[in-house]
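The values are calculated or read from the model by the stated rules, or taken from the named source; none is laboratory data. Everything quoted here is computed from the prediction, not taken from an experiment. Every residue, glycine among them, receives a Cβ derived from its backbone with ideal geometry; neighbour counts consider all protein chains shown. Note: accessible area is taken over every heavy atom of the protein model, side chains too, but ligands, DNA and RNA are not part of it. Shrake-Rupley method; radii C 1.70, N 1.55, O 1.52, S 1.80 Å.
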Amino acid sequence: MSRVFNIGVYDDEERFISSMKELNEKKVPIHDVFTPYPIHEVFHLLKRKSRLPLAAYFFGLFGIAATLGFLYYASVLDWPINYGGKPFNSFPSFIVVTIVITIFTVTVLSLFLFSARSRMIPGRENTIFDLRATDDKFIIVAEKTEGKDPSLIMHGNGALEVTEKELEKIQE
(Lines give C-alpha, C1' and ligand atoms only; values in the text may rest on other atoms or scores of the structure.)
Protein backbone atom coordinates (compact mmCIF):
# COMPACT_ATOMS: atom_id res chain seq x y z
CA MET A 1 0.00 0.00 0.00
CA SER A 2 1.51 3.29 -1.05
CA ARG A 3 1.27 6.50 0.93
CA VAL A 4 1.14 10.00 -0.51
CA PHE A 5 3.24 12.74 1.09
CA ASN A 6 3.42 16.47 0.49
CA ILE A 7 6.90 17.87 1.01
CA GLY A 8 7.09 21.57 1.78
CA VAL A 9 10.40 23.41 1.46
CA TYR A 10 10.95 26.64 3.41
CA ASP A 11 13.86 29.05 3.68
CA ASP A 12 12.53 30.94 6.71
CA GLU A 13 12.17 29.52 10.22
CA GLU A 14 9.13 31.68 11.07
CA ARG A 15 7.15 30.51 8.04
CA PHE A 16 8.19 26.93 8.78
CA ILE A 17 6.94 27.14 12.39
CA SER A 18 3.69 28.87 11.42
CA SER A 19 3.04 26.18 8.82
CA MET A 20 3.62 23.45 11.41
CA LYS A 21 1.22 25.17 13.81
CA GLU A 22 -1.49 25.43 11.18
CA LEU A 23 -1.01 21.81 10.12
CA ASN A 24 -1.43 20.78 13.76
CA GLU A 25 -4.56 22.94 14.12
CA LYS A 26 -6.11 21.31 11.03
CA LYS A 27 -5.08 17.87 12.37
CA VAL A 28 -2.97 17.04 9.31
CA PRO A 29 -0.52 14.23 10.19
CA ILE A 30 3.09 15.40 10.00
CA HIS A 31 5.34 12.45 9.19
CA ASP A 32 8.69 14.16 9.76
CA VAL A 33 10.53 17.46 9.64
CA PHE A 34 14.11 18.31 8.73
CA THR A 35 15.92 21.45 9.86
CA PRO A 36 19.49 22.68 9.35
CA TYR A 37 19.85 23.33 13.09
CA PRO A 38 17.90 22.27 16.19
CA ILE A 39 14.68 24.16 16.86
CA HIS A 40 13.22 23.26 20.25
CA GLU A 41 9.72 24.39 19.32
CA VAL A 42 9.60 21.65 16.69
CA PHE A 43 9.79 18.94 19.35
CA HIS A 44 6.74 20.38 21.09
CA LEU A 45 4.81 20.79 17.84
CA LEU A 46 5.47 17.20 16.76
CA LYS A 47 4.12 15.99 20.13
CA ARG A 48 6.59 13.13 20.27
CA LYS A 49 8.09 12.12 23.58
CA SER A 50 11.40 10.38 24.09
CA ARG A 51 12.08 7.93 26.89
CA LEU A 52 15.82 8.11 26.30
CA PRO A 53 16.45 10.36 29.36
CA LEU A 54 14.64 7.86 31.59
CA ALA A 55 16.70 5.02 30.12
CA ALA A 56 19.89 7.06 30.66
CA TYR A 57 18.91 7.55 34.31
CA PHE A 58 18.60 3.79 34.80
CA PHE A 59 21.86 3.23 32.90
CA GLY A 60 23.47 5.62 35.39
CA LEU A 61 22.06 3.70 38.34
CA PHE A 62 23.33 0.49 36.80
CA GLY A 63 26.77 2.07 36.22
CA ILE A 64 27.02 3.25 39.82
CA ALA A 65 25.91 -0.10 41.27
CA ALA A 66 28.16 -2.14 38.97
CA THR A 67 31.21 0.06 39.56
CA LEU A 68 30.84 0.21 43.33
CA GLY A 69 30.12 -3.53 43.43
CA PHE A 70 33.23 -4.30 41.41
CA LEU A 71 35.43 -1.96 43.45
CA TYR A 72 34.13 -3.42 46.71
CA TYR A 73 34.68 -6.97 45.46
CA ALA A 74 38.19 -6.21 44.18
CA SER A 75 39.46 -4.25 47.19
CA VAL A 76 37.62 -5.93 50.09
CA LEU A 77 36.71 -9.49 49.15
CA ASP A 78 39.17 -10.68 46.52
CA TRP A 79 42.41 -8.83 47.28
CA PRO A 80 42.38 -6.83 50.51
CA ILE A 81 45.56 -4.82 50.86
CA ASN A 82 46.17 -2.68 53.92
CA TYR A 83 47.96 0.43 52.74
CA GLY A 84 48.43 3.55 54.85
CA GLY A 85 46.24 2.19 57.64
CA LYS A 86 43.06 2.72 55.59
CA PRO A 87 40.14 0.35 55.97
CA PHE A 88 39.56 -2.10 53.13
CA ASN A 89 36.27 -0.45 52.16
CA SER A 90 37.54 3.11 51.83
CA PHE A 91 34.62 4.74 50.01
CA PRO A 92 36.27 8.14 49.25
CA SER A 93 38.87 6.42 47.11
CA PHE A 94 36.05 4.94 44.99
CA ILE A 95 34.32 8.24 44.17
CA VAL A 96 36.37 9.47 41.20
CA VAL A 97 36.50 6.08 39.48
CA THR A 98 32.76 5.61 40.03
CA ILE A 99 31.92 8.98 38.47
CA VAL A 100 34.08 8.40 35.40
CA ILE A 101 32.88 4.83 34.79
CA THR A 102 29.24 5.89 35.29
CA ILE A 103 29.54 8.68 32.72
CA PHE A 104 31.18 6.25 30.29
CA THR A 105 28.46 3.62 30.90
CA VAL A 106 25.62 6.09 30.38
CA THR A 107 27.19 7.43 27.20
CA VAL A 108 27.89 4.07 25.58
CA LEU A 109 24.60 2.41 26.55
CA SER A 110 22.57 5.48 25.48
CA LEU A 111 24.36 5.48 22.14
CA PHE A 112 23.58 1.80 21.60
CA LEU A 113 19.95 2.27 22.65
CA PHE A 114 19.51 5.28 20.36
CA SER A 115 21.10 3.42 17.45
CA ALA A 116 18.95 0.34 18.01
CA ARG A 117 15.76 2.37 18.46
CA SER A 118 16.48 4.39 15.31
CA ARG A 119 17.33 1.18 13.44
CA MET A 120 20.64 2.68 12.37
CA ILE A 121 22.27 -0.49 11.16
CA PRO A 122 24.70 -0.98 8.29
CA GLY A 123 23.02 -1.61 4.95
CA ARG A 124 19.72 0.01 5.87
CA GLU A 125 18.08 1.91 3.03
CA ASN A 126 16.74 5.30 4.02
CA THR A 127 13.82 7.16 2.52
CA ILE A 128 15.10 10.48 1.23
CA PHE A 129 12.24 12.92 0.82
CA ASP A 130 14.26 15.91 -0.38
CA LEU A 131 17.98 16.22 -1.06
CA ARG A 132 18.11 19.66 0.59
CA ALA A 133 16.80 18.30 3.89
CA THR A 134 20.01 18.92 5.81
CA ASP A 135 21.42 21.84 3.84
CA ASP A 136 19.96 25.26 4.53
CA LYS A 137 16.25 24.57 4.02
CA PHE A 138 13.45 23.61 6.40
CA ILE A 139 11.42 20.62 5.22
CA ILE A 140 7.98 19.43 6.36
CA VAL A 141 6.81 16.00 5.26
CA ALA A 142 3.03 15.78 5.77
CA GLU A 143 0.86 12.84 4.88
CA LYS A 144 -1.98 13.52 2.46
CA THR A 145 -5.19 11.96 3.72
CA GLU A 146 -8.86 12.00 2.75
CA GLY A 147 -10.20 15.54 2.89
CA LYS A 148 -6.94 17.05 4.18
CA ASP A 149 -4.57 18.60 1.65
CA PRO A 150 -1.38 19.87 3.31
CA SER A 151 -0.14 21.54 0.12
CA LEU A 152 -2.70 24.37 0.40
CA ILE A 153 -1.63 25.10 3.99
CA MET A 154 2.05 24.96 3.07
CA HIS A 155 1.62 27.30 0.09
CA GLY A 156 -0.46 29.63 2.25
CA ASN A 157 2.35 29.89 4.80
CA GLY A 158 5.06 30.77 2.30
CA ALA A 159 6.61 27.49 1.19
CA LEU A 160 9.13 27.90 -1.61
CA GLU A 161 7.82 24.76 -3.21
CA VAL A 162 5.54 21.86 -2.37
CA THR A 163 6.02 18.53 -4.07
CA GLU A 164 3.94 15.39 -3.86
CA LYS A 165 5.54 11.96 -3.62
CA GLU A 166 3.91 8.57 -3.55
CA LEU A 167 6.09 6.04 -1.75
CA GLU A 168 5.64 2.32 -1.28
CA LYS A 169 8.16 1.65 1.48
CA ILE A 170 8.69 4.14 4.26
CA GLN A 171 11.32 3.64 6.95
CA GLU A 172 9.63 4.62 10.23
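The Rg/Rh ratio of the chain, with both radii computed over alpha carbons and Rh defined as the Kirkwood radius, is 1.24. Farthest toward the positive end of the dipole of the stretch 94-172, out of 120, 97, 110, is the Cα of 97, where the dipole comes from beta carbon charges about the Cα centre.
Considering only protein heavy atoms and a 1.4 Å probe, what is the carbon-and-sulfur percentage of the accessible area of the chain? Could you put the intermediate results ahead of the total?
Details: 7300 of 11760 Å².
Taking all protein chains in place, the chain shows 62 percent carbon and sulfur surface.
So what is the relative contact order for the stretch 1-139, in percent, with contacts set as C-alpha pairs under 8 Å and at least six apart? Spell out each step's value before the answer.
Working: 90 pairs, mean separation 63.3, N = 139.
Reported relative contact order: 46 percent.
With +1 assigned to the C-beta of every Lys and Arg and -1 to the C-beta of every Asp and Glu, and no other charges, what is the dipole magnitude of the chain about the Cα centre in debye, to the nearest 20?
Working: 19 positive and 21 negative charges, 167 e Å.
Approximately 800 debye in magnitude.
Taking only the C-alpha atoms of the stretch 105-168, Rg followed by Dmax gives 16.7, 49 Å. The ellipsoid equivalent to the alpha-carbon distribution of the stretch 1-66 has semi-axes of 33, 15, 11 angstrom, derived from the gyration tensor eigenvalues as √(5λ) and listed largest first.
Tell me, in nm to one decimal, what length is gained between residue 161 and residue 113 on full extension, where the rule is 0.36 nm per residue of separation less the Cα-Cα distance? Can you show the working numbers first?
On the way: separation 48, 0.36 × 48 = 17.28 nm, distance 3.64 nm.
That works out to 13.6 nm of additional length.
Express in whole angstrom the spacing between the alpha-carbon centres of the stretch 17-49 and the stretch 53-78. Each part reduced to its Cα centre gives a spacing of 39 Å.
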